[in-house]
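Read the structure below first, then the notes.
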Amino acid sequence: MVTLIQHEPGEGAGTLAPFLGEHRLVRTFAGERVPGEADALVVLGGGMGVYEQDRLPHLRDEIGLLRRCVDERRPVLGICLGSQLLAAALGGEVARAAAPEIGFYRVRLGPAARDDALFAGLEESFVAFHWHSDAFTLPAGAVPLAGSTMTPLQAFRFGERAWGIQFHLEMDEQLLRAMLDGKDPEGLVDQSRRELPALRRIAATVFSRWGNIVR
């Protein structure tokens, strides 16, 4: 069974949800405790930073769980904050980026993505949704898979069963409106009508492949 860790009330699984199957939801924003183990693990995004573990000790627990899952070769998927936590669990550094990356921007897959279990065969360049202020370094032994102009490292794989994806591959209309919280100075809702259909198709491929690994 997949354990799904959600950090914000409105920041759920989005287009990933249909591929999770039966799963256990852990809502850290509601004070639910991070379990000590998981058969498979998904860690979603959130507005906090990896470096806020003293204020938010559940982040330390998540890093420990991610490390254990990797060591035990359990399937792992980290998205946005989840990818940063995975990078930290594997020894990478996470810090504030030079500038936030928020909006619909192009992602480019690297050479290693051609043979990757999740990204093989996808378009080498596509527009994805981004909402992050932090960036991470590539952990030792990890394989870089994608980057963007502002964030050279957007996705990586560690071993054969753990992936970190900085951009919001799971984005849908409901998630976007929740994240915007009634504010949309950049016209992102209008942009989403143009960009999300293609992103949804890419997400379905990636998430279905990850779901097959879990099963």
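Read-outs throughout are calculated quantities, based only on the coordinates presented, and are distinct from any laboratory measurement. Because the structure is a prediction, the values reported are computed rather than measured. We place every Cβ from the backbone using ideal geometry, glycine too, and count neighbours over all the protein chains shown.
Would you pick out the residues in the stretch 156-207 that are small (Gly, Ala, Ser) and loosely packed, with under 14 Cβ neighbours inside 10 Å?
Residues satisfying the conditions are 182, 187, 198.
It is to be established whether one or more residues within the stretch 53-61 are surrounded by 23 or more Cβ atoms within 10 Å (Cβ to Cβ) and not polar (S, T, N, Q).
Within the stretch 53-61, one or more residues are surrounded by 23 or more Cβ atoms within 10 Å (Cβ to Cβ) and not polar (S, T, N, Q).
Checking residue 155 against (1) farther than 14 Å from residue 103 by Cβ; (2) touching a His at 6+ places or on another chain (Cβ under 7 Å): exactly one of these is not met. Which one?
So residue 155 meets the others, but not (2).
When the stretch 87-108 is examined, which residues are found to be buried (at least 21 other Cβ atoms within 10 Å of the Cβ) and closer than 22 Å to residue 205 by Cα?
107
Are any residues in the stretch 1-26 more than 12 Å from the chain's Cα centre (by Cα) and hydrophobic (A, V, I, L, M, F, W, C), and if so, which ones?
Across the stretch 1-26, the qualifying residues are 1, 2, 17, 19, 20, 25, 26.
Is one or more of the residues making up the stretch 65-72 without any contact (Cβ under 8 Å) to a residue 60 or more places away in the chain, over 14 Å from residue 142 (Cβ atoms) and assigned to a strand (DSSP E or B)?
no
Which members of the stretch 142-155 meet the condition of being surrounded by fewer than 21 Cβ atoms within 10 Å (Cβ to Cβ), in contact with a helix residue (DSSP H, G or I) (Cβ under 9 Å, 6 or more places away or on another chain) and of a type in the set (A, V, I, L, M)?
Across the stretch 142-155, the qualifying residue is only 143.
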